[in-house]
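Engineer: Please find one structure pasted underneath; my questions will follow.
The values are calculated or read from the model by the stated rules, or taken from the named source; none is laboratory data. Since we're looking at a predicted model, the values are computed, not measured. Quick reminder, even Gly has a Cβ in these numbers, built from the backbone with ideal geometry, and neighbours come from all protein chains shown.
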Amino acid sequence: MTETTYYGTGRRKSSIARVYLTSGKGEIKINGKSFRDYLCRDTLATIVLQPLVAVENEKQYDIDINVKGGGLTGQAGAIRLGISRALLNINKDFRSILKENGFLTRDARKVERKKPGQPGARKNFQFSKR
């Protein structure tokens with residue numbers, strides 16, 4: 001018997017996460033490591049688990065995640081969006097719960113580029129009238 005795999009993609013800043021959900025006992029792996037070992041901080045681990053807690057399915061799915069780019073915070077946000085989108089493929093009724101908590105919204109903020117003639121994106125060189 002073949003097991004159904006549900007897929008979701010999440011992006012945040014410069015991070016991209018590919019999330020694969022299969023029915024199981026709640027094991028989460030990020031790039032082959034346990035998600036708590038990979039993310040290091042408890043706050044990031046709770047960010048990843050938020051969509052599962054919202055729909056009350058923490059221990060029903062094994063999750064395999066491939067994530068690249070950016071830092072740990074951006075990766076955690078990308079994973080959260082990817083898990084939310086994969087949960088939508090499982091059951092369309094989760095949409096109202098996930099939308100209400102803001103887990104389906106793509107955070108479009110990115111680092112602003114550095115402009116020529118300035119030391120940074122917004123910073124300017126010191127101005128002197130004389």
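Engineer: I need a count of the residues in the range 32-49 that are under 17 Å from Phe94 (Cα atoms) and in contact with a helix residue (DSSP H, G or I) (Cβ under 6 Å, 6 or more places away or on another chain).
Structural biologist: Of the residues in the range 32-49, 1 are under 17 Å from Phe94 (Cα atoms) and in contact with a helix residue (DSSP H, G or I) (Cβ under 6 Å, 6 or more places away or on another chain).
Engineer: Any chance you could count how many residues in the range 52-80 are surrounded by fewer than 23 Cβ atoms within 10 Å (Cβ to Cβ), in contact with a Leu (Cβ under 8 Å, 6 or more places away or on another chain) and assigned to a helix (DSSP H, G or I)?
Structural biologist: 4
Engineer: Could you list all residues from the range 81-100 that are among the hydroxyl-bearing types (Ser, Thr, Tyr) and surrounded by 16 or more Cβ atoms within 10 Å (Cβ to Cβ)?
Structural biologist: Scanning the range 81-100 gives a single hit, Ser84.
Engineer: Out of curiosity, is Gly70 on the phi > 0 side of the Ramachandran plot and touching a Ser or Thr at 6+ places or on another chain (Cβ under 9 Å)?
Structural biologist: yes
Engineer: Which residues, counting only those in the range 4-37, are basic (Lys, Arg) and surrounded by 14 or more Cβ atoms within 10 Å (Cβ to Cβ)?
Structural biologist: Arg11, Arg12, Lys13, Arg18, Lys29, Arg36
Engineer: Take the range 40-68 and flag every residue that is in contact (Cβ under 8 Å) with a residue 24 or more places away in the chain, within 15 Å of Val19 (Cβ to Cβ) and under 12 Å from the mean Cα position of the chain (by Cα).
Structural biologist: Passing the criteria: Ile47, Val48, Gln50, Pro51, Ile65, Asn66, Val67, Lys68.
Engineer: Only one of Arg18, Arg36, Arg11 is assigned to a helix (DSSP H, G or I) and either at pLDDT 95 or above or not β-branched (Val, Ile, Thr) (or both); which?
Structural biologist: Sole residue among the options that is assigned to a helix (DSSP H, G or I) and either at pLDDT 95 or above or not β-branched (Val, Ile, Thr) (or both): Arg36.
Engineer: Sticking with this one: Identify, from the list Ile63, Ile28, Ile97, Ile16, the residue that is within 30 Å of Arg113 (Cα to Cα), in contact with a helix residue (DSSP H, G or I) (Cβ under 8 Å, 6 or more places away or on another chain) and not hydroxyl-bearing (Ser, Thr, Tyr).
Structural biologist: Going through Ile63, Ile28, Ile97, Ile16 in turn, the sole match is Ile16.
Engineer: Suppose the filter is over 22 Å from Ser96 (Cα atoms) and either at pLDDT below 95 or not β-branched (Val, Ile, Thr) (or both); does Asn57 pass it?
Structural biologist: no
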